[in-house]
1. For region 37-65, what are the residues that are open to solvent by 100 Å² or more (accessible area, probe 1.4 Å), under 16 Å from Pro23 (Cα atoms) and among the hydrophobic types (A, V, I, L, M, F, W, C)?
2. Of the conditions (1) at pLDDT 75 or above; (2) under 16 Å from the mean Cα position of the chain (by Cα), Arg62 fails just one. Which one is it?
3. So which residues in region 1-36 are of a type outside the set (Val, Ile, Thr) and open to solvent by less than 80 Å² (accessible area, probe 1.4 Å)?
4. For region 1-71, give me every one of the helices (runs of 4 or more DSSP H) that falls completely inside it and has 3 or more residues that are without any contact (Cβ under 8 Å) to a residue 12 or more places away in the chain.
Amino acid sequence: ESLTNYKVLQNVFNKNRISKPIPVDRLVRCKMQDNLEFLQWIKRFWDLNYTGEGLYDPEARRAGQPGNPADTPMRRPASGNGGARPRPSSAAPRPSTAGPDRKS
């Protein structure tokens, strides 16, 4: 499914004469550095090119269709976790807050 989305994105880039190739083979490996670099490029491109004109009108975009997400059943991925790989726990053992041994 993600490959189809990247193809759509590449077609939009081509249509708008954006010469940046999308490194699909690197992005689908889900390596943080590859995805971060691509996201940073997209953010920079946006910041340089968006003028603020033509504000997004969601009602006009939907052509009068209701946009209530509660009306749309959500599709759950087969894996149950959105296709994401399980992340390792970031909770490290906390150091003891007790002071040095004291004799009473």
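1. Answer for region 37-65, where residues must be open to solvent by 100 Å² or more (accessible area, probe 1.4 Å), under 16 Å from Pro23 (Cα atoms) and among the hydrophobic types (A, V, I, L, M, F, W, C): just Leu39.
2. (2) is the only condition that Arg62 fails.
3. Ser2, Tyr6, Leu9, Gln10, Phe13, Lys20, Pro23, Leu27, Asp34, Asn35, Leu36, listed by residue number.
4. In region 1-71, 2-15, 32-49, 58-61 are the helices (runs of 4 or more DSSP H) which contain 3 or more residues that are without any contact (Cβ under 8 Å) to a residue 12 or more places away in the chain.
The values are calculated or read from the model by the stated rules, or taken from the named source; none is laboratory data. Note that the structure is a prediction, hence the values are computed from the model and not measured. Note: ideal-geometry Cβ built from the backbone for every residue, glycine included; neighbour counts use all protein chains shown. When the accessible area is computed, the model is the full protein with side chains, heavy atoms only, and any ligands, DNA or RNA have been set aside. Shrake-Rupley method; radii C 1.70, N 1.55, O 1.52, S 1.80 Å.
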